[in-house]
Structure formats: structure tokens, C-alpha cells
Amino acid sequence: MGKMAEYAFVAGTLSTFLALVGYVFYALSGVRAARLAAAGVPVTTGRVGFVVGPRTTSIGHYATLLGWLGFALLGASLVFRAIATGHGPFSNMYEFSIAFAFGILGAYYWFEQRYHQRVLGLLALPVALALLAYAATVPAEIEPLVPALQNNLLLTVHVATAIVAYGSFTVAFAAALLYLAQPETGRWGLPKPEVLDEIGYRAIVVGFPFLTLVIILGALWADVAWGRYWGWDPKETASLVTWFIYGAYLHARVMRGWRGRKAAILLIIGFAATLLTYFGNLFFGGLHSYSGLG
Amino acid sequence: MTQNTRTQKLAAGAVPAPGEADGVAGVDSALEQLWHVLTSMKLALVLMLAFAALTLVGTLVIQAPAGVMEDPQAKSQWLAGIRPRYGGWTDILDRLQVFTIFTSFWLRAIGALLAASLVACTVHRIPGTWRTVARPRIDVGPAFFEHAPQHEAMTFHRPSDDVLETTRRVFRRHGYRTLSLDDGTIHLYFDRNRWAPWSGLVAHAAIVVILAGAMVGSLWGFRDGNFMLAEGSTSAIPKVAGATITLNSFKDTYSPTNGQPLDYVSNVTVAQNGAPIATQDVRVNEPLRYQGVSFYQSFFGPAAVVTVKDAKGAIVYAGGVPLAWEATGGNKVGTFALPTQGLTAWVVATTGTDDPAIKPGQVAIELYRADTGDPVVQKSIDQGVATTIEGLTYTFEREAKFTGLSVANDPGTPIVWLGCILLVVGFAVRMYVPHRRIWGRLAARPDGGSSLAIAAVGRRDSGFDAEFTTLVTDIRQAVTAAARS
Ligand code: HEM
């Protein structure tokens, strides 16, 4: 089973990489379409919010299929690994990084399905690939669990909810980057700013209650294991920082003078805080030092 | 009418204070002002970001261990330890309470402001939410049906009561409640999930509940993170009269491959007035709870079982001494009191083999005056050999283990969990169960037909756009179908 997990991980990574290559070609075909449009060749614009040009949609289609395949393979890898270890993907950075990448792909495809903005994949997939590359460099051995982690159900749920939250925050980050990369009026070939704003918001709407749940489950676990639900452990604190930034974003988005660019900047800061929360245990120490790298 | 405009009004309302316009100066208008500030979204946003920034500092700058800053000597020692890293900033950061940021004035002040703002906002939003839910405005002007983000005008060759009936049926099928008002023109109001707006208020109030629970815990709870018990020893349970806890045995196991700890277990017995109540294994993730007091496995180490007798052979002290501290040089040390002699005894054990004063199999006994702390005498004794020091005989019986438990009683915890449940449920409902509202205007036409306009102010939300479109299509089809039959 451990070997199967390895193979599925490698295959999933490869598939995701090929998907990214597909998205690059897809985007380049968009640039070509923009040039054609500038030259006066007729270009079709679809329903509100969707820009459909004479892109090579079939490339985009294959890229999507490959990405789905990567998602499925990484999921399989996690399942094999769980069978081999007997617990969820929470005992070291290897397992958790694959789970995070899996979450990003899942969140991304959920949004691609609804909003058909493949250009976002150009930004979301590299984040997933970076995590997979990172997973490939850290020890993957199956070790017995340290006592604090021997609470299977609570931790599995804790991590599963974290994956949903982090995955959707990555999508929001990608949307915010694209939002900031263009003028208010939009730029041909990129998703429209209103659509990006909505995707970013939707992603936080999905992720925020999950992040709330992650923090609460973490507090519950801390209460069971150490007898206190909150101890300002660096990882706890970083997740609270993240929670407040996204909370601020949700308010900013309905306030005059804050919606739009400032809100998008909060999404970028929020994602930086997410990464700090995620990688924090590598340099903070503290009770969450389960990285297996010490 | 929408959440958006309501919020804008909130923010805009911060500018004029109504009290002043009436010429009512003084306290009322000051309170009014305060209320406006506390209910402003801008303040909420700034406070949230400030809270995030402060706690972030707490993860990036080293924090003093609990208790160190209250003890001047420990404090200067600790500051000296970090001075190489922070240089001349050390004292400035210390003065600004950066090393104790989580208990600092700054964090408490912002937390208090946030709590005040949350209470104010929640209370402030109750009347508006009540109106939206219970007494929505049904008749909106005709302009609304041209300018709303989602709007559609339809004309039918059917009389208006027919169209009204059909439209109502379609909305009901989609889960909407329908309200109407007839003043020549029929005004229509449809909504779905009308209780959902309360969930946002519940979630905000939940944050206050959590803070209240934390407050209760810090006022009436207690925690001892250093409750040590050697094998065979018994100790009183704090806060529970007549209750004791005994460590029967302690076991730790390690992974043979990488030496990581696999398990550590304290087997303990709880007794009430001398009668055993329960015996249980305590491990990480498996606390022992008794009468509201919980024991958590926290740390462990070696102990020395020592017996002390006086000249007549009566036992002065007998029990395991946890060797929980480390002396310079790595020796493990522990302490116990001999109150009748006015002495404090320290037991020192070597970890290495090259200590000239203490040989393997020995421990050193060091005696100090309990009142002054002056050293009295120091002597190494062999295991199992009764040795007389200053009129008492000391025997180092054997080595043992001690367990370090965290003992806590936090009456605020249930309140915190209640707040957490309200928080998650509140936000989840607020975000996944939107309150949908659609207005309609139905008028008879001179030709016997009728015209129906419907409009909505959805937030930017393609899901609602799609739902609106579906409703329009369904109404058209239903009216046409009714006409044919
Ligand atoms: C720890 C502090 C707070 C957190 C975590 C928080 C979180 C949230 C969240 C998640 C929403 C839902 C946004 C949405 O669904 O789009 C929201 C809405 C709202 N919050 Fe807060 N909030 C906090 C404090 C405050 C304070 C102090 C105020 C008072 C000014 C406030 C006023 C509002 C209002 C008026 C809304 C409604 C906005 C809307 O419905 O779109 N919040 N808040």
C-alpha cells in the first residue's frame, strides 16, 4: 500500500504538471485571440462575465481533464497512504502537503466548473505543484505516531477541514492576483474584474466557516490532550491571524472605499498568513512540531 | 434595503450626531457619538486588522515563559538570555510588553474594544433585521423595477388575478413565501430563508460568548501545569476536599527505529476520604476527570525513593522525590521539605559517570535551612544503606519514575464550546443559506391583459442571477400553459 501511495503521488504530480502546461498553451492561445481581435477579426463575447474568444478551447479541455486526473490520483495516493498508516494525513509534512495540494485542485475545479475561468488555473496549479515538489523533498517514511497525535478521528477531521479552507483560500489568492493584475475596466483575455471579485468572495465564503471549524477543532483537540483549549501556541496564533484577516476582508468587501483593490490586497495578505500557518511549525516550534523534520 | 445599502448607511451614519441637530448637547450626544463609532464597520475592520497584527508579532518575536516576567530576578536573567538577539531593542520591546504580547495592555485594550463593538453592532442590527424579516416593505416604487440589478418586465394576455395566482404558485414551488398588497396596483413580495439574516447576528454574538467564557475561565478557573507525582506517592487533589491521587506506576515506550516516544502512561488511583474511587490510565489525549478537575499527561522523568527516620526510628519522610530539575552540569535534582527540622532537602542524582562527588548508584543529599536558604551539609549516600546526617538517617531506597501532570479546572470551557457551536453554525448559515428577496408589481392593462414586473437586489452572485432567470422562465411558461388549458 505504501508503494501504491508513492506511485499515485508521482503520477498525480505528473498529471498536474501536464495540466499546467495545457493551461499555459490555453492562455497563449488567448493572447493570440486578443491580437486577432485587435486586428479586427470578429471575436465572440459570451454571457455576462464570461469572455469567450477563438481560443483553442480543446487545449483547455484537455488541461482540465489532466487536472481532474491529477486530483483523482492524489486522492488515491492519500487513500492508499491512509490504509498503510492507519490514520489520516496529519502525521508529517509529506502527508499534509499532498493533502493540501489535493485540496487546492479540488477547490480550483469546483470553481472552474462553476465559473469557467481557466486562466485561474495558471496561478492555482503552480501553488499545488510547489507543494507537491516540497512533499517530494521531505521524508516520506511511515513512522509511528507520537502520543499527542494519537487521536485519530478528531485529527482527521481537523485536517480535512483545513484542506477545504486552504484550498479555497488558494483559489481566492489566484483570483485576487488576477484582479490586481488588470485595470478596473478589465483587460481582454483575462477574466473580468467583477467575476474575479465574485470568485474571490465565494472562495472565502466557502473557506471561512471551514477555517472557523479548523480552529475550533484544534481547540477541542488541545483541550482533550493538554487540558486547555487555547494556549497561544504559534500555530494556533497564526491560524487566528489568518481568521481575522479573512474576517476583515468579508467586511471590507461591503464597505465603500474598501471593496475592490483593497479587498483584493487583503486576500493576498490572507494567503500569506495561510502559508505562515501551514509552514509555521517548521520554524516556530511549539506543540505542533510534528513535522518529522526535527 | 439590501445588506449592502444597510451597511453603507451604517458607515455614513457616523458623520452627523442626531443629538446635536436637536440642540441636545452634552452626555446624550457624547453617548450617541460613542455608539456611532462602536457600530461603524470601519472601526470593526481596523480592530480586526490590529488584533491580527499584534498576535502576529507574538508568533514572530520570542515570548517569555509564563511567570518569568513577574519575578524580577528571573526576568533580568531571561532578558539577558535574549539580549544577544535583540540588542539595544531588548529594553524597549520589554517596556512595550512585546515579550508578553498575549497578556499585554495592547491586546487587552483591542480585545475589549472589539467586544464592545461586537455588542454594539449586534444590538444595533436587531431592529433592522426584525423589520426585514417580519415586516418587509412590500410596495416599492416603479423606478425600482427598472434600476434593480436583476429585473424583468413581462406582459400577458391574461387577466391580472390569473397571473397573480400563477406567479404565486411558481414562487411557492421554488420555496418562496408570498406577500401582497393591493392599492389598485398589486405589490408583491417574495422571500426565501427569511430567518437566515438572524444567523449573522448569532455568529457575531457568539464571539462575545466565547470571550465571556474565556473571561470566566481566567477569573474562576485554575491551572497547575507542574503537578508532579512519583511512583507510589499520593497527593491531595486541588480544590476537591478530601480527595487524593496516587501514582501506581508510570510507563514510557519508544520507537525502536527512531527513538520517538510512542506512549507514556500514568496509572493513577483517585480516592475520596481514603476510599479508592477509581483507577485509570492517564495518557496524552486520555485525561482523568474527577469532580470538575482534570488531569492531563504532560511530562515525566526520574525519581528517587527516599526514607528519612529520626533517632527513635520513626519515619519523618518517605516517598518518591521527582528529580524534575536539572543542575548546571546536567545532574537531576529534586527537593522535599522536612518541616519539623526546619530543613529543605535536595536530592541530586548523576546522569553521567564522571561526577567525582556522586558515584553511580549513589545520590547526594543536600540540606539547607528552610528560612534562610543557608547550606547546612552535603553528603553522598549509597543505595539501600541507611546513612546518618545531622541526627536523621537517610536511605536512598531505589530509583523510580515521576509523572508530570497538568491539573486544570476551567468552568468557562462549556461557555466557550457553546459560543463555538453558535459561531460555526451562525457563519455557515449566513454564508450558505442566503436570504432571497424578490419584489413584484402587477397591473391590469386596458386591453384586458396584465403586466408583471419583478426585480431583486441580489448581491453580485451568479447563483442568484441564474435562479432569477429560472423564475422568470417558469412564470412565463406557467402563464402560457394556464392560458392554453
Ligand atoms: C471578531 C470580529 C468579527 C468577525 C470575525 C466578523 C465576521 C463577519 C462575517 C464572517 C460576516 C459575514 C460576511 C458575509 O457573509 O459576506 C460579517 C458580516 C457583518 N459584520 Fe462582522 N465580524 C466581526 C466583527 C464585527 C463588528 C465589530 C461589527 C460592527 C461594526 C460587524 C458588523 C458586521 C456587519 C454589519 C455585517 C453584515 C455585512 C453583510 O451582511 O454583508 N462585524 N462579519
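The values are calculated or read from the model by the stated rules, or taken from the named source; none is laboratory data. Source: prediction; values computed, not measured. So basically every Cβ, Gly included, is an ideal-geometry build from the backbone, and we count neighbours across all protein chains shown. Surface areas here come from the heavy atoms of the whole protein model, side chains and all, with no ligands, DNA or RNA. Shrake-Rupley method; radii C 1.70, N 1.55, O 1.52, S 1.80 Å.
Here are a few things to note about the model shown:
- Cα-Cα separations in region B:36-125 greater than 20 Å, expressed as whole percent: 45
- Here the accessible area of chain B is 58 percent carbon and sulfur, with a 1.4 angstrom probe and all protein chains present.
- Region A:81-120: mean projected area of Cα convex hull, nm²: 3.4
- Set of region B:389-404 residues, backbone N closer than 19 Å to the point 7 Å along the Cα-Cβ line of B:TRP325: B:402-404
- Take each residue of peptide A:233-243, count the partner chain Cβ atoms within 10 Å of its Cβ, and average: the result is 4.
- Restriction of the trypsin sites (Lys or Arg not before Pro) in region B:173-271 to DSSP coil positions whose beta-carbon has at most 16 other beta-carbons within 10 angstrom yields B:ARG194, B:LYS239.
- Here the translational diffusion coefficient of chain A follows from Stokes-Einstein with Rh set to the Kirkwood radius across Cα pairs; for 10 °C and 1.306 mPa s it amounts to 80 µm²/s.
- Neighbourhood charge, 12 Å Cβ-Cβ cut-off, centred on B:TRP346 and excluding it, Lys, Arg +1 and Asp, Glu -1: +1
- Proximal charge balance of B:VAL377 [Cβ under 9 Å; K/R count +1, D/E count -1]: -1
- Net charge dipole size for the protein assembly as shown [Lys, Arg +1 and Asp, Glu -1 on Cβ; Debye, nearest 20]: 2800
- Highest mean first, the peptides A:116-129, B:34-47 sorted by other C-beta atoms within 10 Å per residue fall in the order A:116-129, B:34-47.
- Packing-based ranking, highest mean first, of B:93-106, B:206-219 given that Cβ atoms within 10 Å are counted: B:206-219, B:93-106
- Centre separation in Å (Cα based) which lies between region B:324-391 and region B:39-57: 54
- Span per principal axis, largest first, for the Cα atoms of chain B (Å): 120, 58, 45
- Assuming charge only on the beta carbon of Lys and Arg (+1) and of Asp and Glu (-1), the dipole of region B:380-484 about its Cα centre is about 1260 debye to the nearest 20.
- The Kirkwood radius of the protein assembly as shown, taken over pairs of alpha-carbon atoms, gives through the Stokes-Einstein law at 25 °C and 0.890 mPa s a diffusion coefficient of 78 µm² s⁻¹.
- Here the dipole of region B:36-125 is about 260 debye; that uses its Cα centre as origin and unit charges on the Cβ of Lys and Arg (positive) and Asp and Glu (negative).
- Label-point gap, in nm, between B:ALA80 and B:VAL316 - each point 7 angstrom along Cα→Cβ: 3.5
- Surface analysis of region B:222-409 yields an accessible area of 49 Å² per residue, using protein heavy atoms and a 1.4 Å probe.
- Choice from A:TRP258, A:TRP232, A:TRP221 with maximal GNM fluctuation in chain A (Cα, 10 Å cutoff): A:TRP232
- You can think of it this way: the chain between B:GLU286 and B:THR480 has 63.1 nm of extra reach, that is 0.36 nm per residue less the Cα-Cα gap.
- A simple rule links phi to the HN-Hα coupling: the Karplus curve 6.51 cos²θ - 1.76 cosθ + 1.60 with θ = phi - 60°, which for region B:367-384 gives 10, 10, 5, 5, 7, 9, x, 6, x, 9, 7, 9, 8, 8, 10, 7, 5, x Hz, with x for Gly and Pro.
- Relative to the longest principal axis of the Cα atoms of chain A, the long axis of helix A:93-115 makes an angle of roughly 30 degrees.
- Enclosed volume per residue, in Å³, of the convex hull spanned by Cα atoms of region B:144-219: 145
- Put B:ILE277, B:ILE237 in order of accessible area, highest first, and with a 1.4 Å probe you get B:ILE277, B:ILE237.
- FRET E, pair B:ASP71, B:LEU96, Förster distance 22 Å, beta-carbon r, rounded to 0.05: 0.65
- Residue-count net charge about B:THR59 - beta-carbon cut-off 14 Å; Lys, Arg +1, Asp, Glu -1: -1
- Whole-number Å³ per residue for the convex hull built on Cα positions in region B:222-409: 148
- Pairwise FRET efficiency - B:LYS239 versus B:ALA212, Cβ, R0 = 25 Å, nearest 0.05: 0.70
- In summary, region B:293-387 shows an alpha-carbon radius of gyration equal to 1.15 times the 2.2 N^0.38 Å reference for compact globular proteins.
- Candidates B:ALA370, B:THR122, B:CYS420 compared by Cα position along the dipole of the protein assembly as shown: farthest toward the positive end lies B:THR122, with charges placed on Cβ.
- On the basis of the beta-carbon distance and an R0 of 35 Å, A:ARG261 and A:ALA39 show a calculated FRET efficiency of 0.65.
- Compared with the dominant principal axis of the Cα atoms in chain A, helix A:2-38 is inclined by about 20°.
- Over 23 Å between alpha carbons, listed pairs A:LYS192/A:LYS262; A:LYS235/B:LYS251; B:LYS312/B:LYS332: A:LYS235/B:LYS251; B:LYS312/B:LYS332
- Stretched out straight at 0.36 nm per residue, the stretch from B:ARG135 to B:TRP35 would grow longer than its current Cα-Cα span by 33.5 nm.
- Helix-only [θ]222 nm of chain B, DSSP H runs n ≥ 4, -39500 (n - 2.57) each, per residue, nearest 500: -12500 deg cm²/dmol
- With kT/(6 pi eta Rh) evaluated at 4 °C and eta = 1.567 mPa s, and Rh the Kirkwood radius from Cα pairs, region B:386-432 diffuses with a coefficient of 79 µm²/s according to Stokes-Einstein.
- In this rough spin-label picture, where each label sits 7 Å from Cα along the Cβ direction, the B:THR340-A:GLN182 distance is 8.9 nm.
- Value of [θ]222 nm, deg cm²/dmol, for chain A, DSSP H segments ≥ 4, -39500 (n - 2.57) each, nearest 500: -25500 deg cm²/dmol
- Using a 1.4 angstrom probe on protein heavy atoms only, the contact between A and B buries about 4700 square angstrom of accessible area, both sides summed.
- Taking the C-alpha atoms only, the angle from helix B:413-432 to the longest principal axis of chain B is near 30 degrees.
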